[in-house]
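Beneath this line is the structure, given in C-alpha cells, with notes to follow.
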Amino acid sequence: MRHTEINELLQSEPSLHEVIVRGWVRSFRSNRFISLNDGSTINNLQCVVDFSSVEEEVLKKVTVGAAIEVNGLLVESQGKGQKVEVQVSGIEILGEADPEEVKLTILSPKRHSMETLREQAHLRIRTNTFGAVMRLRSKLAFAVHEYFQKNGFYYMHAPIITGSDAEGAGEMFRVSVLDPEDLPLDENGKVNYKEDFFGKETNLTVSGQLEAETYAMGLGKVYTFGPTFRAENSNTSRHLAEFWMIEPEIAFCDLDGNMDLAEDFIKYVIKYAIDNCGDDLEFLENRLLQEEKSKPQAERSEMSLREKLRFVLENNFKRVSYTEAIEILKRSKPNKKKKFKYIIEEWGADLQSEHERFLVEKHFKCPVILFDYPAEIKSFYMRLNNDGKTVRAMDVLFPGIGEIVGGSQREERFDVLNQKMETMGIPQDELYWYLDLRKFGTAVHSGFGLGFERLVQFVTGMGNIRDVIPYPRTPGNAEF
Ligand code: 4AD
Ligand code: MG
C-alpha cells in the first residue's frame, strides 16, 4: 500500500480505512499525540498512539524532527481543529533525530529569529513560516506561466551567460575560466580575454530583455522567467545579488498597452494566490498580526494581509507622470521639513525608495504606475518622447515594497537609438544584433521586468527579501 499525503487525508472523510502516512514529527505530547507534517500543507495530522500497539523502544524514537511512517485507521477526530485523525496501529522510524542535537537547531520548538533561521537555511523549510512562503512561491510561479500561456505568450529562455550588459549599469558578475594567479596578457599588458573560454569577456545576465526583444520581433509575444544576477552592493531588504525576473516583451504594443498588461498580470497572480493558497495565507496573516502587536499602534498596518491583497485587486493602479510626481514630492511635508534623506530640489532628480514609498503609502494609498521619466536617469533602450528629454519608461510601485516592476516602450528608431548609445557610451559593435532589429522590420514594442521575489514578498507579507528565496545570495553571503 502506498502512503497518502497529509493534505489529501485532511480533506477526506473519516473512512475507517487503513492509511499510511510519512512525515516529520512536529511534536509528541503525553506519549500519545503525534503532530505530523509532510510539507504538503501547513496543517499537521494528528496521530493518536495506543501504547499497547507500539513498542516502547520505537516510541522513544518518536522525537521532534524525526522522519516516521505511521499506519492506522483514519477516524473522526475527538479533538478540536481537525475533522480526521489517525488511530495508530504501527510506527516505523525512517530517520531518527537526536533530541540533544535538535535542541541546538531551529527545529527545536521555540521562537527563533529570522536571522537565526537564515543561518540554518537548510532546515528552515521545516518551519511553518517557510513552508507557507515556499508553497506560495511555487504556486505563484505556476500562476505566472498560466497567465502568459493563456494569453498567447511564448516562454523564451534567455541566456544566463552573456557578452552584453543589458542595463548598461556595469553591475555584472564576470564569467571566466582564466587563472587569476596567471592571467594571459596582450601586447598592452591588459588581460587577454581572447584566451578565455568564450574568446571574449562574458558575464552573468542582469536581464533577459535584449534577447527577449529579438524573440518578440519574431514570435510576437514572449516572456522570460529565469534567474538574473546583479553585483550591486545594496544591503537592503529588497535587493538580492541573484533573483528571478519575469520579462514579457510584446511587438506592436506601446507604453499604455504595457501598463495595462502589467496591471492585469499582477492582479491575476495575486488572485490565483488568494484562490489557491488560503491556508498558507491565513497562517501568514496571523503571523503578521502577532508580529505587529509588538509595534506601537501608529506603525501597525491598517489592513490585514489578505485585505491588502484584495485591495490591489479591487482598485485601479494610479497612473502618474514623473513630472506630476516631482511636483507632489516637492510640496510634500517630509520634503519641506527635510525628513527625506534625499531632498527633492528639482525636476530630473532620481527617485529613491523613500520617495516611491511616500507616493504609494502616504499620498495615493494605492499601487502607482509612474511614467515618462527623464531620459538621463533611465536606460539607453527606452523610447525618447517628442519633448526630447523624457522617455517612455514606467515603474510600478507597491506599498511596503516600492518598485516591483520596471519597464518601457523600446526605442524602435535606428538613428535615435544609435545616437543614444553613442552618447551614453554603450558599445554599438558589441550590440550590433540589437541594432539590427531596428534595420529589419522594426516595430513599436514594449515590455517590463517584474522581480519575482518582490512579488512573493508582497503576497506573503515577509519583510526581508532573504526570506522568500530558498538560498539568498547577497553581498558577503553565498552560504549553502
Ligand atoms: O528595473 P529593472 O532593473 O529593469 C530591467 O532589468 C529591465 N530590463 C526589465 C525589462 O524592461 N524587461 O529590474 C526589473 C525589476 C525591478 O522592478 C525589481 O522588481 C527587480 O527587477 N529587481 C530586483 N529584485 C531583487 N533584487 C535586485 N537586486 C533587483 N534589481 C531589480
Ligand atoms: Mg528599475
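The values are calculated or read from the model by the stated rules, or taken from the named source; none is laboratory data. Being a predicted model, the structure only gives us computed values, none of them experimental. With ideal geometry, Cβ positions are generated from the backbone for all residues, glycine too; neighbour counts draw on all protein chains shown. For accessibility, only protein heavy atoms count, side chains too; no ligands or nucleic acids. Shrake-Rupley method; radii C 1.70, N 1.55, O 1.52, S 1.80 Å.
Here are the numbers for the structure shown:
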| quantity | calculated |
| --- | --- |
| Cα centre as origin, Lys/Arg/Asp/Glu Cβ charges: the chain dipole, Debye | 1960 |
| Size of charge dipole - segment 82-156 - debye, nearest 20, with Cβ of Lys, Arg +1 and Asp, Glu -1, no other charges | 540 |
| P(r), alpha carbons of segment 1-146 - 10 Å bins starting at zero, rounded % | 11, 39, 33, 15, 2, 0 |
| Rounded to the nearest 10 Å², the accessible area of D264 at probe 1.4 Å | 80 |
| Per DSSP, loop trypsin sites (Lys or Arg not before Pro) in segment 129-236 with at most 14 further Cβ within 10 Å | K190, K200 |
| Check: segment 1-122 dipole with +1 on Lys, Arg Cβ and -1 on Asp, Glu Cβ, in debye | 500 |
| Mean Cα-pair separation over length for segment 200-294, i.e. relative contact order, pairs under 8 Å, 6 or more apart, % | 24 |
| Per residue convex hull volume, Cα atoms of segment 235-346, in Å³ | 197 |
| Residues with amide H under 5 Å from that of T228, placed H, sequence gap 5 or more | F243, W244, M245 |
| Spatially proximal lysines relative to K439 (Cα-Cα < 28 Å; intrachain offsets below 8 disregarded) | K200, K221, K378, K389, K420 |
| Within the accessible area of the chain (1.4 Å probe), percent carbon and sulfur | 49 |
| For segment 245-258, Karplus couplings with θ = phi - 60° (6.51, -1.76, 1.60), whole Hz, Gly/Pro x | 10, 10, 10, x, 9, 10, 6, 6, 9, 9, 5, 5, x, 5 |
| The chain - Rg and Dmax from Cα coordinates, angstrom | 26.7, 85 |
| Farthest positive-ward along the chain dipole, Cα basis, beta-carbon charges - from L455, S379, L204 | L455 |
| Selection from I91, F142, L107 lying farthest towards where the dipole of segment 82-162 points positive, charges on Cβ | F142 |
| Heavy-atom SASA rank of H157, H363 (probe 1.4 Å, accessible area, largest first) | H157, H363 |
| GluC sites (Glu not before Pro) within segment 339-401: DSSP coil, no more than 16 neighbouring Cβ in 10 Å | E345, E346 |
| Formal net charge of residues neighbouring Y471 (Cβ-Cβ distance under 11 Å; K, R +1; D, E -1) | +2 |
| Relative contact order [Cα under 8 Å, 6+ residues apart], segment 1-149, whole percent | 20 |
| Relative contact order computed over the chain (Cα-Cα under 8 Å; 6+ residues apart), in percent | 13 |
| Neighbourhood charge, 13 Å Cβ-Cβ cut-off, centred on V102 and excluding it, Lys, Arg +1 and Asp, Glu -1 | +1 |
| Within segment 399-480, GluC sites (Glu not before Pro) in DSSP loop having at most 12 other beta-carbon neighbours inside 10 Å | E479 |
| Whole-Hz ³J(HN,Hα) from phi, Karplus 6.51 cos²θ - 1.76 cosθ + 1.60, for segment 402-407, glycine and proline x | x, 5, 10, 10, x, x |
| Kirkwood-based shape ratio for segment 173-292, expressed as Rg/Rh from alpha carbons | 1.14 |
| Set of lysines with alpha-carbon distance to K333 below 18 Å, sequence-local pairs under 8 removed | K341, K362, K365 |
